[in-house]
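All remarks here apply to the structure that follows.
The values are calculated or read from the model by the stated rules, or taken from the named source; none is laboratory data. It should be emphasised that the depicted structure is a prediction, and the values quoted were computed from it without experimental measurement. Using ideal geometry, Cβ is built from the backbone for each residue, glycine included, and neighbour counts are taken over all protein chains shown.
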Amino acid sequence: MVRGVRGAVTVEQNSKSEIVEATKEVIGEMIERNNIKPEDVAQVIITTTEDLTAVFPAQALRLFQGWSYVPVMCAQEISVSGSMRRCIRIMMTINTDKTQKEIHHVYLGEAKKLRPDIQD
């Protein structure tokens, strides 16, 4: 079965090191909580709000051993008035036997406010 695993995190500033580190942290939690192996991943889409321009956050995915062949794409989140700033969102499409209810979505920092209904 194909499932989506969501993750999001916020950063304090538009800096390469902070963006890569925060992205690495949220992706690491997604991998760990859902026991994801790179060969089970169809794709990863990462978006950032328009105020994050210092680096492609996909660089963080390449820091995980065995993930070099996983397709990943970065895009800009649509700009909605009043929406969360300095936010990185991840959608990981995986092959799994888990039900949607068994998937653990990961929201860190201020991004926890995005989906308090599905927090572990």
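General remarks:
Here's the yes/no breakdown for (1) surrounded by fewer than 16 Cβ atoms within 10 Å (Cβ to Cβ); (2) touching a strand residue (DSSP E or B) at 6+ places or on another chain (Cβ under 9 Å); (3) among the acidic types (Asp, Glu):
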{"position": "Ile31", "(1), (2), (3)": "no, yes, no"}
{"position": "Ile46", "(1), (2), (3)": "no, yes, no"}
{"position": "Thr49", "(1), (2), (3)": "no, yes, no"}
{"position": "Ala58", "(1), (2), (3)": "no, yes, no"}
{"position": "Phe64", "(1), (2), (3)": "yes, no, no"}
{"position": "Pro71", "(1), (2), (3)": "yes, yes, no"}
{"position": "Cys87", "(1), (2), (3)": "no, yes, no"}
{"position": "Met92", "(1), (2), (3)": "no, yes, no"}
{"position": "Asn95", "(1), (2), (3)": "yes, yes, no"}
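- Residue within region 91-98 that is touching a Ser or Thr at 6+ places or on another chain (Cβ under 9 Å) and in a loop (DSSP other than H, G, I, E, B) present: no
One line per residue, one yes/no per condition, for (1) β-branched (Val, Ile, Thr); (2) farther than 19 Å from Ile118 by Cβ:
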{"residue": "Val5", "(1), (2)": "yes, no"}
{"residue": "Val9", "(1), (2)": "yes, no"}
{"residue": "Lys16", "(1), (2)": "no, yes"}
{"residue": "Ile27", "(1), (2)": "yes, no"}
{"residue": "Ile31", "(1), (2)": "yes, no"}
{"residue": "Gln43", "(1), (2)": "no, yes"}
{"residue": "Leu63", "(1), (2)": "no, yes"}
{"residue": "Met91", "(1), (2)": "no, no"}
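- Selection of region 19-38 for residues being in contact (Cβ under 8 Å) with a residue 24 or more places away in the chain and acidic (Asp, Glu) yields Glu21, Glu25, Glu29.
- Strands (runs of 3 or more DSSP E) wholly inside region 1-89 that include at least 2 residues being β-branched (Val, Ile, Thr) and at pLDDT 95 or above: 2-10, 41-48
- When residues of region 97-116 are limited to those that are at pLDDT 95 or above and charged (D, E, K, R), the one surrounded by the most Cβ atoms within 10 Å (Cβ to Cβ): Lys98
- Residues in region 59-90 that are touching a Ser or Thr at 6+ places or on another chain (Cβ under 7 Å), closer than 14 Å to Lys24 by Cβ and touching a residue at least 24 places away in the same chain (Cβ under 8 Å): Ala60, Ile88.
- Positions within region 104-120 being part of a loop (DSSP other than H, G, I, E, B) and under 14 Å from the mean Cα position of the chain (by Cα), in sequence order: His104, His105, Leu108, Leu114, Arg115
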